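The values are calculated or read from the model by the stated rules, or taken from the named source; none is laboratory data. Keep in mind it's a predicted model, so treat the numbers as computed, not measured. Ideal geometry is used to build each Cβ from the backbone, glycine not excepted, and the neighbour counts take in all protein chains shown. The protein model used for the area step is the full one, side chains on, heavy atoms only, and it has no ligands, DNA or RNA in it. Shrake-Rupley method; radii C 1.70, N 1.55, O 1.52, S 1.80 Å.
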Amino acid sequence: MARPFSVTDVERKWQARWLDEGTYEVDNDDPRERYYALCMYPYPSGTAHQGHVRNYTFGDLVTRYQTMRGKAVLSPFGFDSFGLPAENAAIKANSHPRIFTERRMEELKSSVRRLGAVYDWRREVYSHHPDYIRYAQTIFLKFYEAGLAYRAEAPVNWCPGCQTVLANEQVLGDGTCERSGDLVVRRNLEQWFYRITDYADELLHDVDTLQWPERVKTMQRNWIGRSEGVEFDLPFADGSKNALRVFTTRPDTGFGVTYAVVAPEHPLLDALTTEEQRAAVRELVERAARSSDIERSATLEAGGALDKRGAFTGSYVVNPFTSAEVPVYVADYVLATYGTGAIMAVPAEDERDWAFAEVHGLPIVRTVETPEGHEGPYAGEGAHINSGFLDGLETAAAKERAIEFLVERAGGVRTVNYRLRDWLISRQRFWGCPIPVVYCPNDGIVPVPYDQLPVLAPDDVTLESSGQSPLATHEGFRRVSCPTCGGEAVREADTMDTFTDSSWYFLRYADPFSEGRPFDPDQVRPWMPVDQYIGGIEHAILHLLYARFYMKALVDVGLAPGLPREPFTRLFTQGMIRMDGTKMSKSKGNLIAPEKYYDTVGADGLRLFHLFVGPPADDVDWTDKSEELIEGCGRYLDRVWRLCGGEDVTFHEGETEADVEVWREAHRTIARVTEDLEAWSYNTAVAAIMEYTNTLSRWARSPEGAARSTFTRATDVLLQLLAPMTPHVCAELWEQRYPGEKSVHETTWPVADPELVARERVVMVLQVNGKVRGRVEVAPDIGAQEAEDVALNHPDVVKFLTGEPRRVVAVPPRLVNIIL
């Protein structure tokens, strides 16, 4: 489409100026109020796609808006450049991961700069840089010295396609790897762990202090999974001294225990298994070894292969509440890592136990009165029945009485358990931060001395398509001298989970200039915590939980004295871009690159689309209408260009009532847009600015025309409000108006005058069953009850009232809807 200005010339001009002049560079001694705006740093997968555009448009708006509010805004950029995606892509491209990664980094930086997003590029951080590796290894050693890093043998999730261990969170619900799609299997390996469970209570408590979306906080609470209950013994029924130790949060339902279940890895399984049942038990154990924890803990569903999820051991234990013998099963849905690895099963009060009991023909005994008409398992509270000495007690009282009984009769101990497990950080891949330890036959595990850091992976390696790490077989890397005794030693071949890199990068951004330590706490302290963190909901558990752990641990090991224990004050999770119902991603081949729009509607038009298309937190479906809306955003900016240039505007001397009202509308728009930006209601902020533009256009191009001074002030406000959203066109128009003066982005954000914002009267819409039946002028501060009375007594409404209203919805001063 024909444009009234050269989009590419204008945008490249301003992008170069912001970069060359360091417009958005900020020093650590800046006297202004500090504000830290941060978008999650990206994987360097190549040029930007629409997901990047959406994310960085939001972040750039925050940066520019807060700068106009007079703050020193820290807006850095960098790359999460280690990890499986980059390594796998490099293998396919027959390239070294470093070479491949750095090319992709340059491509993405170019795309981001063309978007007009501004950053302090002096602070750029990428995780495969030798300095960053050095300091990541420094943190590991500090954690090791503090007992927060340890090595242990554990059953792990092994992906045969990626040839590495996966964290539980990286295994999908169907038991496949989130990256390769291969079926994940279980193996026992010596692995490195971070002791995140030491912080479980603090992580759970502090999540309530955060200004985060409630669903993200709920996901973190559920993943930590704190549960209070009691451990007690179920004695073997064979008369031996053995007992099955179980944990429960509902001891009050003990009279309903009709069977017990142990995990396939339980140490007493062999003793529990009779010869008649050994083959069936062995088959189940082998099948469970091929499943991930997430797959195993999935909800049991009626029918299907439920009989294959469990097997009878042939043994019985005694229920201490009833003294009855109950059978013991082994089932894959019980995990050895949670509680004691064994459970008491109460099918009447648990959906999973109910389904299992039905398939295996086990008794179901209700112990809590169910609501009238309820069928199936009931996990709620109520009066107890069929429960001996607990009959008639409500749940809380019954729990306390049952715990007292178990403590006295069954070795009971009040206990708190967590779903959260220690963080497995070992990865059997090449492209990651090497773990800085060696293994000596004399001295065992020996940390690499600080003055020998960084430990860097060699470049002279060949990456196999199998994904097998060459570090394990590279003699030059593996064979070293022990730092303690000087004898022959072997270097650790595993690398760290890349989530370790993303757990502290925001601290290095705040001080990338210090040498000899990860960061200077005195330089970082004024910036922390991050004021606004922006990223995808997919990071709600992994990255955010690990970063929270890191922040607390860094304070405790002395690397971050005086810093806050939570890294991110406010979190915003933007919606995904979808095409044909699935997320846009490189792996799905459904990406829409922004470059096709930069030379037509320009970066500003594309940015405006992402701000206007819908609420920022909602997903966006990319369709043919998206293309139309993008074109419409470009046309809107053309209108702004022509309007601010005075095209077809008639000017008159003096100020009329119409001019005064337009200036009032300017202040109302300032108030609306400011409120919407603070609330992340970007789409409604754009709508308000567009409405204001229409008002200006009608007024200035009317036969009566506009006062020149009012026109200039009113359109100045338009450019200032649009500047954080469409920065190039606004900067250019402002410079044309005020050559040689400071840019629009360096002006102060306009502040609404309350007296000008206030309206003497507003029009309230009156509806009956959703249909407009009248309108009436009311005071802007009218209350809900008064608005309802006005509507019910208005003559245009009364004739439609055929009976008593069922409900009246009053949204004063805008609308009243009477529902009959």
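A few comments on the model shown:
- Total charge dipole magnitude, the stretch 226-418, about the Cα centre, Cβ charges on Lys, Arg, Asp, Glu only, Debye to nearest 20: 500
- Cα-based Rg and Dmax for the stretch 760-819, where Dmax is the largest Cα-Cα distance (Å): 10.4, 34
- Under the criterion of Cα pairs below 8 Å and six or more residues apart, the relative contact order for the stretch 760-819 equals 44 percent.
- Mean sequence separation of contacting Cα pairs (under 8 Å, at least six apart), scaled by the length of the stretch 226-418, corresponds to a relative contact order of 31 percent.
- Whole-Å distance, taken between Cα centres, linking the stretch 60-118 and the stretch 217-233: 38
- Of the peptides 235-241, 256-262, 814-820, the order by per-residue mean of other Cβ atoms within 10 Å, starting with the highest, comes out as 256-262, 814-820, 235-241.
- Amide hydrogen proximity for PHE82: with H placed 1.01 Å from N in the peptide plane, the residues at 5 or more positions away or on another chain lying under 5 Å are SER127, HIS128.
- Solvent exposure ordering (accessible area, 1.4 Å, most first) of VAL613, VAL446, VAL776: VAL613, VAL776, VAL446
- Taking 0.36 nm per residue of separation and subtracting the Cα-Cα distance, full extension of the segment from GLN523 to VAL490 would add 8.1 nm.
- Within the stretch 640-677, chymotrypsin sites (Phe, Trp or Tyr not before Pro) in DSSP loop having at most 12 other beta-carbon neighbours inside 10 Å: none
- Sequence-distant contacts, meaning Cα pairs under 8 Å at least 6 residues apart, place the relative contact order of the chain at 14 percent.
- Long pairs among LYS92/LYS217; LYS596/LYS625; LYS92/LYS583; LYS71/LYS109; LYS217/LYS583, criterion Cα-Cα beyond 28 Å: LYS92/LYS217
- Karplus 3J(HN,Hα) series, Hz, for the stretch 185-193 with 6.51 cos²θ - 1.76 cosθ + 1.60 (x for Gly, Pro): 10, 9, 9, 9, 9, 6, 9, 9, 10
- At most 10 other Cβ within 10 Å, DSSP loop - chymotrypsin sites (Phe, Trp or Tyr not before Pro), the stretch 123-156: none
- Global form of the stretch 1-90, assessed from the alpha-carbon gyration tensor, a/c cut-off 1.5: oblate
- Each of GLU372, GLU788, GLU351, GLU755 has its accessible area taken with a 1.4 Å probe; listed largest first, they run GLU372, GLU755, GLU351, GLU788.
- The slack in the chain from ALA593 to THR462, taken as 0.36 nm per residue of separation less the alpha-carbon distance, amounts to 43.9 nm.
- Rolling a 1.4 Å probe over the heavy atoms of the protein chains gives the stretch 760-819 an accessible area of 63 Å² per residue.
- Couplings for the stretch 457-464, taken from phi via the Karplus curve 6.51 cos²θ - 1.76 cosθ + 1.60 with θ = phi - 60°, read 6, x, 8, 7, 10, 10, 8, 8 Hz in order; Gly and Pro are left as x.
- The distance linking the stretch 404-457 with the stretch 692-771 is 59 Å (Cα centroid to Cα centroid, whole angstrom).
- The charge dipole of the chain, taken about its Cα centre with unit charges on the Cβ of Lys, Arg, Asp and Glu (plus for the first two, minus for the last two), comes to roughly 1080 debye.
- Shape of the chain from the C-alpha gyration tensor: oblate (a/c of 1.5 or more and a/b not above b/c, with a ≥ b ≥ c the square roots of its eigenvalues).
- Rounded to the nearest 20, the Cβ-based charge dipole of the stretch 760-819 about its Cα centre (Lys and Arg +1, Asp and Glu -1) stands at 360 debye.
- Which of HIS360, TYR378, ILE403, positive extreme of dipole for the stretch 359-447 (C-beta unit charges): HIS360
- Report summary: the helix-based calculation at 222 nm, which adds -39500 (n - 2.57) for every DSSP H run with n ≥ 4 and divides by the residues of the chain, gives -10500 deg cm²/dmol.
- Between ASP391 and LEU172, the contour length at 0.36 nm per residue exceeds the Cα-Cα span by 74.5 nm.
- Across the stretch 761-766, computed HN-Hα scalar couplings (Karplus, 6.51 cos²θ - 1.76 cosθ + 1.60, θ = phi - 60°) run 9, 10, 8, 9, 7, 10 Hz from first to last residue, x flagging Gly and Pro.
- In this structure, the amide hydrogen of ASN242, modeled 1.01 Å from its nitrogen in the peptide plane, lies closer than 5 angstrom to those of PHE236, counting only residues at least 5 positions away or on a different chain.
- Accessible surface for TYR24 stands near 20 Å², nearest 10, in the context of the full protein assembly shown (1.4 Å probe).
- Straight-distance crosslink candidates among lysines, where the alpha carbon sits under 17 Å from LYS799 and sequence neighbours closer than 8 are dropped: LYS771
- Largest-first ordering by accessible area, 1.4 Å probe, given options ARG186, ARG761, ARG713, ARG195: ARG761, ARG713, ARG195, ARG186
- Between amide H atoms placed 1.01 Å from N, distances below 5 Å from PHE572 occur with TYR533, ILE534, GLY535, all of them 5 or more places distant or on a separate chain.
- Largest first and in whole Å, the equivalent-ellipsoid semi-axes of the stretch 425-472 read 23, 13, 10, each the square root of five times a Cα gyration tensor eigenvalue.
- Binning all Cα-Cα separations of the stretch 61-108 at 10 Å, short to long from zero, yields these whole-percent fractions: 24, 33, 17, 19, 7.
- Qualifying GluC sites (Glu not before Pro) in the stretch 671-704, DSSP loop, other Cβ atoms within 10 Å at most 13: GLU704
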